[in-house]
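A quick write-up on the structure given underneath.
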Amino acid sequence: MHYYTYELAHALLHPVRLMTRAVKAQIETPLNPFASTEFAKNIAAACEVFEGMTRRYGKPEFGIKETKVHGLTVPVREEIVLKKTFCNLLHFDRDETVVGKRYDPKVLIIAPMSGHYATLLRSTVQEMIKEHNTYITDWADARDVPLYEGNFDLDDFIDYIIEFIQFLGPNTHVIAVCQPAVPALAAAAVMAANDDPAQPASMTLMGGPIDTRRNPTKVNKLAEEKPISWFERSVINYVPFPNAGFGRRVYPGFIQLTGFMTMNLERHTQAHVKLFENLVKGDCDSVNAHKTFYEEYLAVMDLPAEFYLQTVKSVFQDHVLPKGEMMHRGKRVDCSAIRKTALMTVEGERDDICGLGQTEAAHDLCTNVPVDEHYYYVQPGVGHYGVFSGTRWRTEIQPRIREMIRTVQFKRRAGSDETRMPLPYRSLHPTRENIVDWRTPNGAAPNGSAS
């Protein structure tokens, strides 16, 4: 019923939105002698804020047309290199006629399947394509997938990751942002157990819920407080007609968005009040910045019910991965099997979705990764989204990932990974030994690669 109520409310508001657009157009027309008055500006601003808050936002485009490589402007072409029912593998192809043939490391960015589209990682991609051969998972909106295509659960998610890595081949570097940190780690463990020749060279987990028992957040506590039957009754809906996925059970994106907005309601309210004030003042830069953020943030997709419920149950309630109880296709997922994949974890100091230590827990599970291939970094002063976007991502986090990737690349080419014996992992703290921990007093990365 939630979905039908949502669709009905959207339909009922449509004529009101049309009316507000018409009012705004009449007020702002050059023929209106009162257009420059304070009263008219307030009415026009109110109309624009209302229209923006009530309209439906479609899937955004990455819109990355060019990048900078060693100071040269290089055209970028977005292409689908592998199509799956619930996901496309996108490649950002740089024009080699401008910069020449490059042998940059292959990077697979695994976008979260958590309500927002992969374009939420636009900033992540923009920084990585400068010096990396970059791919990203572009997950499909479940309401657009016909019911006859079958279901999609956490096991399928892991299978997709494995298939994508195998498609890209050996020496692929994986970056998993937020929710896919768990299936990405599981996929690496499955590939290691099978001695897959395409095992990733490195794996970077950013703000992911590896072990939500550590420093639990409001999101984690909510998932634990309610039984899985409550989630199935309260948030799972059927896709209504006339969507392509009519009849499919989904976790609607608008329900998740409502939850996130409610968690920080005061912040979002203040942002829209500020938008109104900036519209009245004519502060175009601030207005455009607000619109850019919310056009991405308010664009949401539905998740397959099987995937959502299995993720809540296994990751947030039963904690099967850190307990060593996770199963994939009838076999136990053993992270200690990972020996040939370097591991880096990145966390935000103020992350209110994945608390500090939850991603770091991956190091405790990967006991046979060579000790000098454990990398851990906490970015001061940023929340969840600051881990993969914004100034700190560009100037402090990405340079560290870049350096880790190239360090691993050099070791693999030199064959030095075969000469080291794995040592027991030690908890990461600035004063402890044998761990690459980049929380230095001045915040600088090794060799001065950061800002």
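Tabulated results
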{"quantity": "Spans of helices (runs of 4 or more DSSP H) in region 96-199 with at least 1 residues touching a residue at least 60 places away in the same chain (Cβ under 8 Å) and closer than 22 Å to A361 by Cβ", "calculated": "154-168, 181-193"}
{"quantity": "Conditions (1) within 15 Å of the chain's Cα centre (by Cα); (2) under 30 Å from M327 (Cβ atoms); number of the one not met by T119", "calculated": "(2)"}
{"quantity": "Residues satisfying the stated conditions in region 56-81, i.e. over 18 Å from E131 (Cβ atoms) and of a type in the set (V, I, T)", "calculated": "I80, V81"}
{"quantity": "Residue match in region 102-113 (condition: surrounded by fewer than 17 Cβ atoms within 10 Å (Cβ to Cβ), at pLDDT below 95 and on the phi < 0 side of the Ramachandran plot)", "calculated": "yes"}
{"quantity": "Candidate set from region 183-225 (those that are farther than 22 Å from R400 by Cα and β-branched (V, I, T)); member that is farthest from the chain's Cα centre (by Cα)", "calculated": "V190"}
{"quantity": "Residue within region 119-137 that is in contact with a helix residue (DSSP H, G or I) (Cβ under 6 Å, 6 or more places away or on another chain) and modelled with pLDDT under 90 present", "calculated": "no"}
{"quantity": "Where T97 falls short, out of the listed (1) modelled with pLDDT of 90 or more; (2) of a type in the set (S, T, Y); (3) exposed (fewer than 10 other Cβ atoms within 10 Å of the Cβ)", "calculated": "(1)"}
{"quantity": "Any hit, region 116-123, residues being touching a Leu at 6+ places or on another chain (Cβ under 8 Å), closer than 24 Å to I401 by Cα and buried (at least 19 other Cβ atoms within 10 Å of the Cβ)", "calculated": "yes"}
{"quantity": "Qualifying positions in region 34-64 - among the acidic types (D, E) and surrounded by 14 or more Cβ atoms within 10 Å (Cβ to Cβ)", "calculated": "E48, E51"}
{"quantity": "Meets criteria (within 30 Å of V49 (Cβ to Cβ), in contact with a Ser or Thr (Cβ under 9 Å, 6 or more places away or on another chain) and part of a helix (DSSP H, G or I)) for E296", "calculated": "yes"}
{"quantity": "Filter result (under 22 Å from the mean Cα position of the chain (by Cα) and either among the β-branched types (V, I, T) or not assigned by TED's automatic domain parsing to the domain that holds P180 (or both)) within region 326-379", "calculated": "T341, T345, V346, I353, T359, V378"}
{"quantity": "Pair list, Cβ under 9 Å, 6 or more apart: region 28-44 residue more than 14 Å from V280 (Cα to Cα), other residue part of a loop (DSSP other than H, G, I, E, B)", "calculated": "T29/A35"}
{"quantity": "Which numbered condition K218 misses (of (1) buried (at least 16 other Cβ atoms within 10 Å of the Cβ); (2) out of contact with any strand residue (DSSP E or B) (no Cβ under 8 Å at 6 or more places or on another chain); (3) touching a residue at least 12 places away in the same chain (Cβ under 8 Å))", "calculated": "(1)"}
{"quantity": "Test: Y377 is of a type outside the set (K, R) and surrounded by 21 or more Cβ atoms within 10 Å (Cβ to Cβ)", "calculated": "yes"}
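One line per residue, one yes/no per condition, for (1) among the charged types (D, E, K, R); (2) part of a strand (DSSP E or B):
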| position | (1), (2) |
| --- | --- |
| T345 | no, yes |
| T359 | no, no |
| H363 | no, no |
| N368 | no, no |
| V378 | no, yes |
| G381 | no, no |
| E396 | yes, no |
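The values are calculated or read from the model by the stated rules, or taken from the named source; none is laboratory data. Fair warning: this is a prediction, and the values are worked out from it, not measured in the lab. Cβ: placed from backbone, ideal geometry, glycine included. Neighbour counts: every protein chain shown.
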